[in-house]
Amino acid sequence: MSLDVSPALLEKAERGEVDEAEFVDCVRTSLPYAWEMISSLVAQLKVDGGVFADNQTPPPDEQARGQLLRALASDAIRGALQRHFGVRLAFQNCHRVAVFPTDSSADERLTRFTSVRGQLLNQSPELRDC
């Protein structure tokens, strides 16, 4: 899944640097499932507090799954989303997105979430082909 880049934004990129807000808006409109997932987790973290908020429900279809993979596998997209929402993002399997605060209060939990052990413990037969 690629981003839907307008001709005007592409022309700007060809001329030089692009404003990150324009890039974030392109991500928002191109990857609506991923955007909604991340923004809802950010809201959940703010409302519930705690160390992190995560999603454990697989995407409804392959298009949605592709959006999550695109958003979180791209360093540019992931970095822009982290700066926009003011969080750190973590990702396991093909759907388990987690948001963590940027301060050090969540460092230990983030380290556990992104560890080899954490990845292994998050496996299940239903997710073999995701």
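The values are calculated or read from the model by the stated rules, or taken from the named source; none is laboratory data. Only a predicted model underlies this, so the values are computations on that prediction, with no experimental measurement involved. Positions of Cβ are generated from backbone atoms using ideal geometry, with glycine treated the same way; all protein chains shown enter the neighbour counts.
Taking the stretch 1-97 and the helices (runs of 4 or more DSSP H) fully enclosed by it, the elements with 2 or more residues that are in contact with a helix residue (DSSP H, G or I) (Cβ under 7 Å, 6 or more places away or on another chain) and surrounded by fewer than 16 Cβ atoms within 10 Å (Cβ to Cβ) are at 20-30. Looking across D75, D48, one residue alone is free of Cβ contacts under 8 Å to residues at least 24 places away in the same chain and more than 17 Å from L3 (Cα to Cα). It is D48. Considering the conditions (1) in a helix (DSSP H, G or I); (2) modelled with pLDDT of 90 or more; (3) surrounded by 13 or more Cβ atoms within 10 Å (Cβ to Cβ), Q119 is excluded by exactly one of them, (2). Filter the stretch 22-42 for residues that are in contact with a strand residue (DSSP E or B) (Cβ under 9 Å, 6 or more places away or on another chain) and closer than 15 Å to Q63 by Cα and give the result. Matches in the stretch 22-42: A34, M37. Across the stretch 99-108, the number of residues qualifying as buried (at least 18 other Cβ atoms within 10 Å of the Cβ), at pLDDT below 90 and within 17 Å of S39 (Cα to Cα) comes to 2.
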